Each structure stands twice: as structure tokens, then as C-alpha cells.
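The values are calculated or read from the model by the stated rules, or taken from the named source; none is laboratory data. These figures come from a predicted structure and were not determined experimentally. Cβ sites come from the backbone with ideal geometry, for glycine too, and all protein chains shown count toward neighbours. Ligands, DNA and RNA are stripped out before the accessible areas are found, and what is left, the full protein with its side chains, is counted by its heavy atoms. Shrake-Rupley method; radii C 1.70, N 1.55, O 1.52, S 1.80 Å.
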Amino acid sequence: MIRPSVAALEPYVPGEQPKLKRIVKLNANENAYPPSPKIAEALAAFDPARLRLYPDPTFNRLRHLLARRYACKAEQIFVGNGSDEVLRLATDVFVRNAAHIGIFDPTYSLYPVLADIREAPLDVFPLPQSDEALCAFRFPDPRPDLFFLVNPNAPTGTMFGLEAVRALARTLAPSILIVDEAYTLFSGTDCMRLAFEEPNVLISRTFSKAWSLAGLRVGILVGDEALISNLYKVKDSYNVDVLAQTIAEAALSDPGWMEENCRKIVATRERFSAALAEKGWKVTPSHTNFVWCVPPPPLTGRAVLEKLRTRGILIRHFSAKPLERFVRITIGTDEQMDEILSLV
């Protein structure tokens, strides 16, 4: 037997992972630059005999390093097998049977899948276009048990300010607001303090983007200790393997490397956005490591996708209306972005 909700499920579709000889992969918002050399050192020093033992099930060393970074207690941090696992576990913990999950649209396309898996009705609201509009937003009754807010937003790259997000959290309370900050290190600001000031706010972060560790699968959730403790009740016994914990610890020992990579990506993003605008593209101002843009007529998003693919360059196009006009282009190196500019 298969649960009807699973049989009918439309799964999340990740960015294409091709096996072509020559590829410039700018479709999955991966980092253009390698992770810290400290990681190679950690791997070289790693004793393979440790692999016969189970990893620390509560990732104590990693949590204490993260707690030092965020100036909080280790007990306020949960670590998962990528932020996607963290978000999925949150739907198990914070959503009652038959209660609702809420999102703005457009947003990260995993959230509707998580709602379907949980068999939770999904409340979808148009994405507010300003901080003022977010502050004015009110939930209809009944409020969702859990609301996902990507900030900076994917796929648009736009961002709400801290006080506007605080206003949303207070409107939603006592239900839970998860602020998914996968891209925040490219923005120069964040909402982390809300995890310690607002009892219903949890902040999700990932090592996949700014830390150049998408292949590692480590994500975190930060917030009220009483909320965080419940995630430990439902997680797999050993959900973060020993190599992942070791590599994440090494990355945290060298934040300057990550920060320099982010500075390079932001500089390239601004230059590339300006160059596209000069060519007549409509470019949404971005706070992330990608740009969300519309080509000038008669070009279409699909045509741009296909033209670049013939040259071994992958970008993302969303075919569903009303997003079909847009393409999402991950920021690569200056040389990669110059190649795109020469073709569009």
C-alpha cells in the first residue's frame, strides 16, 4: 500500500546535475569558489578508523562552535543533514494533524512538497513587495501552525528588513515562523537576533551556499531551546555523519575564507546585473548569489536557457506561470559571467 498523498505527490525537482564534458553550472546556486584549505587539512588528518564508530549523535563540538559564532547556547542549535532535512523535521514537530502550513509565492519550491508529505493544507499568499507591505500583512483565521519565509527570497533575490520580519512573526504568534536564511551571507545583513528575541522565530542556515559545501549536506536551525529540543525527538539517530561534522568544524575555523568568497561573488553580481540592464534586461536587485531577470523581447527565458545550454552553460528556467518570463542565473566567476554576456 502507498499513502494516497505520496502516490499523488509532485516531487521537488533540483537543478539539473548533468554529465557533460564541458559544463558551466550556474543553475543550482552553488558557490563559484572552493571551500577553505582548512578542509583539505582536516581530511588529510582524518583517521579512517573513526569510520567504524557511530558519529556523535548530538554533534556537540560542532554545536559549540556554532554557538560561539552566534553568541548563544549550544542547546539553541539543531544540526541536520542539509537544511532540507531540518525543514522537513520542522513540519513533523510544529504542524498538528490537519493544521496548515503557510508560504508566500513565489518561494522555495520544496515547501509545497513538505506540506504534501505532511498532508497539511497549504496557505499561499502573494509575496509582499516591500517592508511596509509585509508589516501590513495579516493572516486569516485559522493561522497556519508553521510559516516558511525565505529571506533573502528564492527565486526573486529580494529581501525584507529585520523589523518587517519581526512584525510578521508577532502577527503569526504563537505559531512558528521559520526564516530560511540560505543566502543571507551574500546580503550583508540577517535576522538571526530574532531567534533570541522572538519566542516563535527559528532561523535556518546552510553550509551549502556561502561556505562552498553544497556537497557536504549540513544545515542548522537556531532558536528557543524548548522548540529546538523537540527536533531531537524525531531525527534519525545519527543524522550527520562524522566526516560532515569534521568538515563543517574545519570550515568554521576559517570564516575569513568564506567572507572573501562572498565579497567576490557580490562584486561580480553587481557588475553582471548592471551589464544585463545595459542590454535591456529587467534585473531584480539581488541580495543573493544569483540574479532573477527577464530578457528583452523578442528573447524568452526558455530561448535563453536553450541557447546557453548549447554552449555548455546551465541556468535555471521555471516553466510555470507567471514565472516563465524569468531566468535565474547563479553568479559564477567573472570569466563565466563575461561569457554569458557575450552570448545574450
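Roughly what % antiparallel, to the nearest 5, for the DSSP beta bridges in the chain?
45
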How do L53, L172 rank by accessible surface area computed with a 1.4 Å probe, from largest to smallest? L53, L172
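Which value, in debye to the nearest 20, describes the size of the charge dipole of the chain about its Cα centre when Lys and Arg Cβ atoms bear +1, Asp and Glu Cβ atoms bear -1, and nothing else is charged?
For the chain, the charge dipole is close to 720 debye.
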If I model a spin label as a point 7 Å beyond the Cα along the Cα-Cβ vector, how far apart are those points for R50 and T284 in nm? 4.1
Can you tell me which lysines have their Cα less than 28 Å from the Cα of K282? Leave out same-chain residues fewer than eight positions away. K25, K209, K264, K307, K321
With every protein chain present, what accessible area does T330 have (1.4 Å probe, heavy atoms only), rounded to the nearest 10 Å²? 0
Listed residues I101, T246, I176: farthest to the positive end of the dipole of the chain (Cβ charges): T246
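Could you work out what % of the accessible surface of the chain is carbon and sulfur, using a 1.4 angstrom probe and leaving DNA, RNA and ligands out of the count?
55
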What are the ³J(HN,Hα) couplings of the stretch 106-113, residue after residue, when phi is run through the Karplus curve with 6.51, -1.76, 1.60 and θ = phi - 60°? Round to Hz, x for glycine and proline. x, 7, 4, 6, 6, 4, x, 5
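Per the helix-only calculation at 222 nm, which mean residue ellipticity applies to the chain, given -39500 (n - 2.57) for every DSSP H run of n ≥ 4 and division by its residues, nearest 500 deg cm²/dmol? Provide the component values of the computation, followed by the final result.
Values: 13 runs with 131 residues, N = 344.
The per-residue figure over the chain is -11000 deg cm²/dmol.
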Heavy atoms only, probe 1.4 angstrom, no DNA, RNA or ligands counted: give me K233, K38 ranked by accessible area, highest first. K233, K38
Nearest-10 value in Å² for the accessible area of W257, using the 1.4 Å probe: 90
Positive-end residue, the stretch 200-282 charge dipole about Cα centroid, Cβ charges, pick of I228, G280, T206: G280
Rounded to whole Å², per residue accessible area for the chain with a 1.4 Å probe reads 46
In the Gaussian network model of the chain, springs joining C-alpha atoms below 10 Å, which of S187, S130, S208 carries the largest mean-square fluctuation? S130
For the stretch 175-273, what value does the Rg/Rh ratio take when both radii are computed over Cα atoms and Rh is the Kirkwood radius, given to two decimals? 1.01
Net charge near A195, counting Lys/Arg +1 and Asp/Glu -1 over other residues with Cβ under 14 Å of its Cβ? -3
So how far, in whole Å, is the C-alpha centre of the stretch 103-121 from the one of the stretch 169-198? 18
Return the single residue from F196, F272, F139 with maximal mean-square fluctuation; model: Gaussian network over the chain, springs between Cα atoms under 10 Å. F139
SASA check, F46, accessible area w/ 1.4 Å probe, all protein chains in place, rounded to nearest 10 Å², comes out at 30
Report, in debye and to the nearest 20, how large the dipole of the stretch 108-149 comes out about its Cα centre when Lys and Arg carry +1 and Asp and Glu carry -1 on their Cβ. 20
Using the Cα centre of the stretch 159-285 as the reference point, and only Cβ charges (+1 on K/R, -1 on D/E), how large is the resulting charge dipole? Debye, rounded to the nearest 20. 480
How big is the chain along each principal axis, measuring the range of its Cα positions in Å and listing the largest first? 56, 54, 47
Show me, for the stretch 217-233, the HN-Hα J-couplings you get by feeding each phi into the Karplus relation (A = 6.51, B = -1.76, C = 1.60, θ = phi - 60°), rounded to Hz, glycine and proline as x. 6, 9, x, 9, 10, 10, x, 4, 4, 5, 6, 4, 4, 6, 5, 5, 6
